1. Of all residues in segment A:1-25 being more than 9 Å from chain B (Cβ to nearest Cβ), of a type in the set (A, V, I, L, M) and not in a loop (DSSP other than H, G, I, E, B), which is surrounded by the most Cβ atoms within 10 Å (Cβ to Cβ)?
2. Considering each residue of segment B:536-571, count those that are over 29 Å from the mean Cα position of the chain (by Cα), on the phi < 0 side of the Ramachandran plot and part of a loop (DSSP other than H, G, I, E, B), and give that number.
3. Which is within 19 Å of B:Ala259 (Cβ to Cβ), buried (at least 24 other Cβ atoms within 10 Å of the Cβ), within 14 Å of another protein chain (Cβ to nearest Cβ) and of a type in the set (A, V, I, L, M, F, W, C), of B:Ala383, B:Ala300, B:Ala315?
4. Out of B:Ile491, B:Ile496, I need the residue that is crowded, with 17+ Cβ neighbours inside 10 Å, closer than 30 Å to A:Lys13 by Cα, within 14 Å of chain A (Cβ to nearest Cβ) and touching a helix residue (DSSP H, G or I) at 6+ places or on another chain (Cβ under 7 Å). Which one?
5. Could you go through segment B:171-191 and let me know if any residue there is under 26 Å from B:Ala259 (Cβ atoms) and within 12 Å of chain A (Cβ to nearest Cβ).
6. I'd like to know if segment B:119-127 contains one or more residues that are out of contact with any Lys or Arg (no Cβ under 8 Å at 6 or more places or on another chain) and over 24 Å from B:Asn378 (Cβ atoms).
7. In segment B:442-465, which residue that is more than 10 Å from chain A (Cβ to nearest Cβ) and within 28 Å of B:Glu146 (Cβ to Cβ) is farthest from the chain's Cα centre (by Cα)?
8. Let me spell it out: the conditions are (1) under 27 Å from B:Lys497 (Cβ atoms); (2) within 13 Å of chain B (Cβ to nearest Cβ), and A:Lys107 meets all of them except one. Which number is the exception?
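The values are calculated or read from the model by the stated rules, or taken from the named source; none is laboratory data. Being a predicted model, the structure only gives us computed values, none of them experimental. Counting neighbours? That spans all protein chains shown, and the Cβs are built from the backbone with ideal geometry, glycine included.
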Amino acid sequence: MSTKRKIRIVVAKPGLDSHDRGAKVIARAFRDAGMEVIYTGLWQTPEQIVETALQEDVDVVALSILSGAHMTLFPKITKLMKQKGLNDILVLGGGVIPDEDIPALKKIGIAEVFGPDTPTNTIIKFIKENTQKTK
Amino acid sequence: MVTKSLEAEKQVFDEHKLSEIQKKQKHWKEKTVPEWISRHPERKNSFHTSSSTHIKRLYTPEDIKNIDYTRDLGFPGEPPFTRGLHATMYRGRLWTMRQFSGYGTAQQTNKRFKYLLKEGETGLSIAFDYPTILGLDSDHPLSVGEVGKCGVAVSSLQDIETLFNGIPLDKVTTSMTINGPATMLLAMYIAIGDMQGVPREQLGGTTQNDNLKEFHAQKLCIFPPEPSVKLVTDIVEYCAKHLPKWNPISISGYHIREAGSNAVQELAFTLADGITYVESALERGLKVDQFAPRLSFFFAAHNNFLEEIAKFRAARRLWAKIMKERFKATKPRSLWMRMHIQTSGCTLTATQPINNVIRVAFQSLAAVLGGTQSLHTNSFDEALALPSEEAVRVALRTQQIIAHETGVTDTIDPLAGSYCLETLTNKMEEHAMEYIDKIDSMGGVISGIEKGFFQKEIADSAYKYQKEIENKERTLIGVNEYAVEKDWVPIKLLRIKQQAEKEQVDGLQKLKKKRNNKKANDVLNKLHKAAEHDENLMPTIIEAVKAYATIGEICDVLRNVYGQYKEQIII
């Protein structure tokens, strides 16, 4: 009955890492794919990211880290999201993340991790399939 | 008539011979090529460099007939330095093999430095972690999880003492990739030199100290643009007067390229930044020949082999012209563009990482054929983690193989005179100059930053590059072609243990207890006044680091006076 809502997504750069090439390219690709994109900019604390996700009523949180701080920052973000009751949001990770860290990240609620070389279409497809599932 | 004969004299090729070549070329183009193409079509409709410069099927003397050899190419060690900065180039001294490194604590990095020196590295290059680069101490709440991750953690002179333990500063030169807090790190290096008894005029090395490219690309900014340029100029002025062997600044295109620009943008934006620093130092009252000889540059060596070589040659020629014509420099050394080159991290793939060894080899060969003074070769595991010791060794060996096995170092600028390369060199210069004119007409670099010009240009190029890969207009081996099911990673990746952060924070907190806190506070107050009065801050910052004031404390004082950078978000 209601018109289909556009997928809303926040692309966030947690921590001090300033490598934003990937985050910006992905934000643009999401936008071109018809999603509503909120790009946070650099140096976001876990609290700020979760607050943005809450305020903007997003379906997806896409986190990009290339500094190696993902094992510290990702768990803080997913924990805060749970505390705020944001259980339906799909959380994705991207950046320079070694394969061996991925199982632990999935356990704490990161739905998928996309490393370097991932085509933007692969991520878009994943988002479309998995947001439909949760809605 | 007279003009014509003068023109003819300038030309490298004989006019009669040229018209014969033109005739034959016409035949080739109209007969030989179409016949061949009708049976064997070309791979693409058109060919381009990374900067969208059209690449012709064939280059002939016709393409470079207007080159005036003495004006445009000249001789190595003489203006315009197209063929190289030094008279004998690598027949005399090879480039400096300088591997950018740093991770964990100062103690761990000290060990890596000693390993690299033992393996034949000839200069040090320090990578600092994010908190250090952003002027935050290791115990700052925002530093949690980041300490020692992307480089070595340095909060105070105590860490630099450990970092250079057993490394005599009169025997090595050190490059420091540091921008916002460059004054502080240079002050610490001077302090260590003083402790080791090395006279300041003997200290050799480089502070990157290029804050402008941070606004365009790397975004590791602490202060707004104007005070950032003021701090850069403080170092330029201090070095001109006290550290004759120090390169106060490494004007960097590398980060601009890594953030997504093409080769022309990389060159043009870097030179525009260079122009801004020269203007700032002139406004400070320095004479151009007093500081220009120590300005140094830093570029990326990306995948397009010929375009990259053309870029390095064009860069030298263009900078020599700018210094001579725009700034009226008179010393030959003021026209020098000394460059450090690093192979391109963003070209490395996470899939089939061993292929990166080959990419790095071609990129570094381009750097050498382009006449670099210093080179960092990336490690093949860098799309996966910080480089492991084994991967760093392969990277260093790549340079050594080029230096000692390939023979390209035995003669100077061996590709000069290539119809193609000289044409690409001319085009590179021409297109970069068009950008520089555009930046001038928008009121210079700072005005361009405020308008978001650089960020937008770079983001557009980055997106275009990614789309080209996804549309297969650009082939990336192992990624969009020749992918494999299972990857082979022949090494164990380096992991930074969480322990490093704990050790670093403990050490810092102990220092804050044991130092003379009154002395540290007094110098910080003095610094506040000096900053308010717009003095050159180097002398006071040297005093502050010697009193073990931390980088975080010093930056807090300056944040108070100058305000803080606010990111301009452009996607």
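1. Checking each candidate, the answer is A:Ile9.
2. 2
3. Working: B:Ala383 fails: buried (at least 24 other Cβ atoms within 10 Å of the Cβ); B:Ala315 fails: within 14 Å of another protein chain (Cβ to nearest Cβ).
None of the others qualify; the one that does is B:Ala300.
4. Numbers: B:Ile496 fails: touching a helix residue (DSSP H, G or I) at 6+ places or on another chain (Cβ under 7 Å).
Among B:Ile491, B:Ile496, only B:Ile491 is crowded, with 17+ Cβ neighbours inside 10 Å, closer than 30 Å to A:Lys13 by Cα, within 14 Å of chain A (Cβ to nearest Cβ) and touching a helix residue (DSSP H, G or I) at 6+ places or on another chain (Cβ under 7 Å).
5. Taking segment B:171-191 first, the residues under 26 Å from B:Ala259 (Cβ atoms) are B:174-186.
So of that shortlist, the ones also within 12 Å of chain A (Cβ to nearest Cβ) come out as B:179-180.
Yes, there is a match, as at least one residue in segment B:171-191 is under 26 Å from B:Ala259 (Cβ atoms) and within 12 Å of chain A (Cβ to nearest Cβ).
6. Looking only at segment B:119-127, we keep the residues that are out of contact with any Lys or Arg (no Cβ under 8 Å at 6 or more places or on another chain), and these are B:120, B:126-127.
Filter again for over 24 Å from B:Asn378 (Cβ atoms), leaving none.
Within segment B:119-127 (the criterion being out of contact with any Lys or Arg (no Cβ under 8 Å at 6 or more places or on another chain) and over 24 Å from B:Asn378 (Cβ atoms)), the answer is no, since none of the residues qualifies.
7. Going through the qualifying residues, I end up with B:Gly452.
8. (2)
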